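Here the structure comes first, spelled out in structure tokens, and everything after it is commentary.
The values are calculated or read from the model by the stated rules, or taken from the named source; none is laboratory data. Note that the structure is a prediction, hence the values are computed from the model and not measured. Reconstructed Cβ throughout: ideal geometry from the backbone, glycine too, with neighbour counts over all protein chains shown. In case anyone asks, the SASA skips ligands and DNA or RNA and just uses the protein heavy atoms, side chains included. Shrake-Rupley method; radii C 1.70, N 1.55, O 1.52, S 1.80 Å.
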Amino acid sequence: MTKPEWSNFIALLNREVVPALGCTEPITISLATARAVQELGTAPERITVLVSGNLLKNGMGVGVPGTGMTGLDIAAAVGATGGNAELSLEVLRDLTEEQIAAGKQMLTEKRVKVALAETAELLLADVTVFAGNDCARCVIAREHTAVVLVEKNGTEVFSAPWPGEEAGDTEWPLTMERIHDFAVNAPFETISFILEAARLNEAIAAEGMSREWGLKVGRSMEEDIQQGLRADDIASFAIKMAAAASDARMDGIMLPVMSNSGSGNQGITATVPVLAFARRLNADDEKLARALIMSHLTAIHLKHHLGRLSALCGAILAATGSSCGIVMLLGGGMREIGFAIKNMVGNIAGMICDGAKTSCALKVASAVEAGIQAALLARKGTSVSGKEGIVDDDLEVSIQNLGRLGTSGMAETDKVILDIMVSKK
């Protein structure tokens, strides 16, 4: 038996759980630049990039795939020299060494300028490329792939409604009860596509363990296990593999991850811990798929209340999702899933986002560890009560409270973080 809303859930997953190569903030700049160059029709002589504060924060310190460099300027440059806008978040997939060298030459010659846009939008990339007397412009807003405007020589050639302003927008379809019902009861053949997330994100975790990427958080945990400083248990396995995937991704590996809600790290965190538990518990593909559906849809649901970019670290939302998936693998139902969410909201709800960078692997590790603890407590019937902190007896209200904390509650925090980051010498 299927339900009418399930097709909407599948469409939501297909929109929000997609492959991405590189951190999605600089990749948004690469995508906007590639689209502008496509309209320009020739190699640009110079590029100007205007970005929102949050996009700048998340793009300053993270590796751009294939370049060995960090920053939005190199992301724009290689987007211009070798980006393919048709590939969306994999825009840099086919970069050649010659194209990378050409992009770096643009930086050497100071032909790329990045500045803060005067905007209240959290996610905005406004890129203009110039060649001779011609110019072209592309604007991406609110979502990492949402092209809302393309111009050629000041004339509009494409426009689209800004996300959230589309005609016919309907009420948000997800609740935790509906997500659980779908994850448990949807026909396996309709949800088996989610196993691709496991395949992609396991591959990047394996690469993160095999070489020295970033801060080597995952590899360091393995060394600790070998030295007897950590146990080689299911929790350590889940944490080290998720951290290793983030190590590699944030250091600019040329491998795609399956993202969630516009974030590769959130995709990793919603996937790899669930996969690790499934591996150690010898769960079959169907049990894994159902747990991954539970995890990814929960992360999407929580992210809806928070927004794409904020001062709240998205890894805690994704780890809350994986906690719910782990509960399912351990035999828990909706009651225990609700407990796991409340335990997460009552524990690490205040973890800040201070930009995308190699140390995000540490936050992924911390969030996953908290998610596992939340799941194991929930399995025993233990939950933070609605009398404590921002947790409410009503599960959906608890989720809304977390979103409120990360948006209006941490707005000033976001400003202070950005000020600290851009003021560094």
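Points to keep in mind about this one:
- Axis of helix 334-345 versus longest Cα principal axis of the chain: the two differ by about 50°, to the nearest ten degrees.
- Degrees separating the helix 234-250 axis from the principal Cα axis of the chain, which is the longest one: 0
- The Cα center of the stretch 80-100 and the Cα center of the stretch 155-234 differ in position by 23 Å.
- With the simple spin-label model, which puts each label point 7 Å out from Cα in the Cβ direction, the Val184 to Arg404 separation comes to 2.9 nm.
- Our helix-only sum for the chain, with -39,500 (n - 2.57) per DSSP H run of n ≥ 4 divided by its residues, gives a mean residue ellipticity at 222 nm of -17000 deg cm²/dmol.
- Taking a ≥ b ≥ c as the square roots of the eigenvalues of the alpha-carbon gyration tensor, the stretch 1-102 is classed prolate because a/c is 1.5 or more and a/b outweighs b/c.
- Full-stretch length increase - Glu171, Lys387 - with 0.36 nm per residue and alpha-carbon distance subtracted: 74.8 nm
- Residue-count net charge about Leu215 - beta-carbon cut-off 9 Å; Lys, Arg +1, Asp, Glu -1: -1
- Average accessible surface area per residue within the stretch 184-263, 1.4 Å rolling probe, Å²: 40
- Between Gly262, Gly22, Gly307, the Gaussian network model of the chain with springs among Cα atoms under 10 angstrom shows the greatest mean-square fluctuation at Gly307.
- For the stretch 107-238, the carbon plus sulfur part of the accessible surface works out to 48%, probe radius 1.4 Å.
- Projecting the alpha carbon convex hull of the stretch 319-390 along each direction and taking the average yields 4.8 nm².
- Inter-part distance, the stretch 294-355 to the stretch 8-23, computed on C-alpha centroids, equals 17 Å.
- Three-way shape label, the stretch 9-63, alpha-carbon gyration tensor, a/c 1.5: oblate
- Other residues within the sphere of radius under 13 Å centred on the Cβ of Ile390, judged by their own Cβ, net out at -1 (K and R +1, D and E -1).
- Using a probe radius of 1.4 angstrom, the carbon and sulfur fraction of the accessible surface of the stretch 252-351 is 47%.
- Dividing the convex hull volume of the alpha carbon atoms of the stretch 340-425 by its residue count gives 88 Å³ per residue.
- Highest-fluctuation residue, Ala160, Ala315, Ala245 considered, GNM on the chain with Cα pairs under 10 Å: Ala160
- Residues of the stretch 50-145: accessible area per residue with a 1.4 Å probe, Å²: 41
- Averaged over its residues, the stretch 300-376 has an accessible area of 25 Å² per residue, based on protein heavy atoms and a 1.4 Å probe.
- Pairwise Cα distances in the chain exceed 38 Å in 19 percent of cases.
- Cross-link partners of Lys342 among aspartates and glutamates (Cα-Cα below 20 Å; sequence separation of 8 or more within a chain): Glu177, Asp181, Glu369, Glu388, Asp392, Asp393, Asp394, Glu396
- To the nearest ten degrees, helix 360-379 and the longest principal axis of the Cα atoms of the chain are 20 degrees apart.
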